[in-house]
1. State the number of residues belonging to the stretch 55-94 that are farther than 14 Å from Ala13 by Cβ and within 13 Å of the ligand (Cβ to nearest atom).
2. From (1) within 16 Å of the ligand (Cβ to nearest atom); (2) in contact (Cβ under 8 Å) with a residue 24 or more places away in the chain; (3) open to solvent by 40 Å² or more (accessible area, probe 1.4 Å); (4) of a type outside the set (S, T, N, Q), pick out the condition that doesn't hold for Leu118.
3. Output the number of the condition that Asp101 fails; it satisfies all remaining conditions of (1) surrounded by 12 or more Cβ atoms within 10 Å (Cβ to Cβ); (2) more than 15 Å from the ligand (Cβ to nearest atom); (3) in a helix (DSSP H, G or I); (4) charged (D, E, K, R).
4. Hydrophobic (A, V, I, L, M, F, W, C) and in contact (Cβ under 8 Å) with a residue 24 or more places away in the chain, is that true of Ile74?
5. For the stretch 33-42, check the following and say yes or no: at least one residue is under 18 Å from Cys88 (Cα atoms) and either surrounded by fewer than 19 Cβ atoms within 10 Å (Cβ to Cβ) or not β-branched (Val, Ile, Thr) (or both).
6. Select from the stretch 9-25 the residues that are out of contact with any Gly (no Cβ under 9 Å at 6 or more places or on another chain) and either open to solvent by less than 60 Å² (accessible area, probe 1.4 Å) or among the aliphatic types (A, V, I, L, M) (or both) and write down the one among them that is farthest from Gly111 (Cα to Cα).
7. So, Glu129, is that one of a type in the set (Asp, Glu) and either open to solvent by less than 20 Å² (accessible area, probe 1.4 Å) or within 21 Å of Val2 (Cα to Cα) (or both) or not?
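The values are calculated or read from the model by the stated rules, or taken from the named source; none is laboratory data. The structure displayed is predicted, hence computed values, not measured ones. Here the Cβ is made from the backbone with ideal geometry for all residues, glycine too, and neighbour counts use every protein chain on show. These accessible areas exclude ligands, DNA and RNA; they are computed on the full protein's heavy atoms, side chains included. Shrake-Rupley method; radii C 1.70, N 1.55, O 1.52, S 1.80 Å.
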Amino acid sequence: MVNEEQRTTLIEAAMAIRERAYVPYSHYPVGAALLMEDGTIITGVNVENSSYGLTICAERTAVTRAITAGYRKILAVAVATDNAGSPCGACRQVLTEFAGDVPVYLVDATGNGRDTTLHTLLPDHFGPEHLGS
Ligand SMILES: [Zn+2]
C-alpha cells in the first residue's frame, strides 16, 4: 500500500528529475519515479538520440536503474510530462515485468493529472507466467 506522503514524494521526484531529460528533438521532457519496496525512489528521464529510434523513455531508464541497483519489485510509478501523458506501450510492458497492478500517477508540469493502475494501462498483459519456467 502506498500512503499519501509516499505518493506526494514520488510525484515530486518525477517532476524534479524531469529537468534532466535530454530532449533536443521532441522537446517533450519526461521524468519517471519508481517506489521500491524499501521506500527508495529511483528516477529516470527520457534520453533522445539523433538516431531517433535509439531514444529511451524515462520509465525504462528508471527501471534499468532500479534493476541495476539490485531491486526487483516496484510498488508505485509516477510520470511527469508537459500534459500528464501516459506511458507508451513498451514502457507499460517493461514495468509489468517488475510490478503487479500498482498505482501509476500521471501528472503535468504543475503536478495535476490523474491516478490509474498498471493493469488498467496494460490489461491482459504478457508476463513471466506465460513462459512456464
Ligand atoms: Zn515509453
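1. Matching residues across the stretch 55-94 total 17.
2. Failing condition for Leu118: (3).
3. Tallying (1) surrounded by 12 or more Cβ atoms within 10 Å (Cβ to Cβ); (2) more than 15 Å from the ligand (Cβ to nearest atom); (3) in a helix (DSSP H, G or I); (4) charged (D, E, K, R), Asp101 fails exactly one: (3).
4. Values: hydrophobic (A, V, I, L, M, F, W, C): yes; in contact (Cβ under 8 Å) with a residue 24 or more places away in the chain: yes.
Yes: the conditions hold for Ile74.
5. Looking for residues that are under 18 Å from Cys88 (Cα atoms) and either surrounded by fewer than 19 Cβ atoms within 10 Å (Cβ to Cβ) or not β-branched (Val, Ile, Thr) (or both), one finds at least one in the stretch 33-42, hence yes.
6. Residue satisfying both the conditions and the ranking: Pro24.
7. The answer is no for Glu129.
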